[in-house]
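The structure appears below as structure tokens.
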Amino acid sequence: MTALSRLRCEMPEIIDLRKSFEKALEKSVSILNKGGLIVFPTDTVYGLAAKFDEDDAIERIYKVKGRDQTKALAVLIGNADQINIISPGISESAMKLTRVFWPGALTIIVKKREDIKTPLSMDNSIGIRIPDDPFVRQLSELVGPLATTSANRSGYPSTTKIDEVLEQIGDWVDLIVDGGECEGGIPSTVVDCRFEEIKILREGAIPKEEIFNKLTIDF
């Protein structure tokens, strides 16, 4: 059994993104393509990720987090074209919001393609986001959509610094990309956009008032 297939790892390699962007990108691609788990900084908090079509790796995320599998993971994508990999289409309300807030701290819940059978979502919905972070966007463009969640144990605070990541899940992942302290520090706002009438599921970095205000604008 390889290190990437075991749940618990030895202390993972840590790469400083600020010193070697390309090395961090290359190593992340390699780990993800082998079915591994990585931690990286985003525009909100540190994230824990696997390729969205690697079922074993996704199962491992749930175990590392101590997360109930009825709670879906989100998917980070590198560009709007990748929506089609995940969803058969999005509502007009979703299109309006993504034009304003992507890349950024907005996760939209959309209908999942029927041919996608994955443990990251137990029903026909899935959350997707384009982060305002060039590293994560480039990574997703290279390996495809990423199944992600915050890099912390369930019930514990989200992590914005590497020492917090190491304390909570450091020896359970295969690679940590150190980008310094995450400037956002607040999780994304989650909006159910499966239908034209939206619903705020979690108010995060983007206030709910701003969400509803933008929907009144004609594009």
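The values are calculated or read from the model by the stated rules, or taken from the named source; none is laboratory data. Since we're looking at a predicted model, the values are computed, not measured. As a convention, Cβ positions derive from the backbone with ideal geometry for all residues, glycine included, and neighbour counts pool all protein chains shown.
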Query raised in the report: In the range 56-92, which residue that is of a type in the set (Val, Ile, Thr) and closer than 20 Å to residue 103 by Cβ is farthest from the chain's Cα centre (by Cα)?
Result: 90
Query raised in the report: Could you list, in sequence order, the residues of the range 5-42 that are part of a loop (DSSP other than H, G, I, E, B) and modelled with pLDDT of 95 or more?
Result: 17, 18, 19, 20, 34, 35, 36, 37, 41, 42
Query raised in the report: Can you pull out the strands (runs of 3 or more DSSP E) entirely within the range 113-180 that have at least 3 residues that are out of contact with any helix residue (DSSP H, G or I) (no Cβ under 7 Å at 6 or more places or on another chain)?
Result: 125-129
Query raised in the report: If residue 160 satisfies every condition in (1) within 17 Å of the chain's Cα centre (by Cα); (2) free of Cβ contacts under 8 Å to residues at least 60 places away in the same chain; (3) under 19 Å from residue 44 (Cα atoms) but one, which is the exception?
Result: (2)
Query raised in the report: Between residues in the range 175-192 that are within 22 Å of residue 11 (Cβ to Cβ) and residues that are modelled with pLDDT of 95 or more and among the small types (Gly, Ala, Ser), which pairs lie under 7 Å by C-beta distance while being six or more apart or on different chains?
Result: 175/28; 175/36; 177/24; 177/28
Query raised in the report: Can you name every residue in the range 43-95 that is among the polar types (S, T, N, Q), closer than 17 Å to residue 152 by Cα and either part of a helix (DSSP H, G or I) or touching a helix residue (DSSP H, G or I) at 6+ places or on another chain (Cβ under 7 Å) (or both)?
Result: 69
Query raised in the report: Counting just the residues of the range 93-124 that are over 23 Å from residue 68 (Cα atoms) and small (Gly, Ala, Ser), which one comes out surrounded by the most Cβ atoms within 10 Å (Cβ to Cβ)?
Result: 94
Query - Within the range 197-219, considering residues that are more than 24 Å from the chain's Cα centre (by Cα) and part of a loop (DSSP other than H, G, I, E, B), the one modelled with the lowest pLDDT - result: 219
Query raised in the report: Applying the selection to the range 86-110, what residues are touching a residue at least 60 places away in the same chain (Cβ under 8 Å), within 22 Å of residue 54 (Cβ to Cβ) and not aliphatic (A, V, I, L, M)?
Result: 107
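Has the range 46-63 got at least one residue that is surrounded by fewer than 17 Cβ atoms within 10 Å (Cβ to Cβ) and closer than 25 Å to residue 182 by Cβ?
There is at least one residue in the range 46-63 that is surrounded by fewer than 17 Cβ atoms within 10 Å (Cβ to Cβ) and closer than 25 Å to residue 182 by Cβ.
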Report task. Would you be able to tell me the number of residues in the range 116-174 that are at pLDDT 95 or above, aliphatic (A, V, I, L, M) and within 18 Å of residue 87 (Cβ to Cβ)? Result -> 5
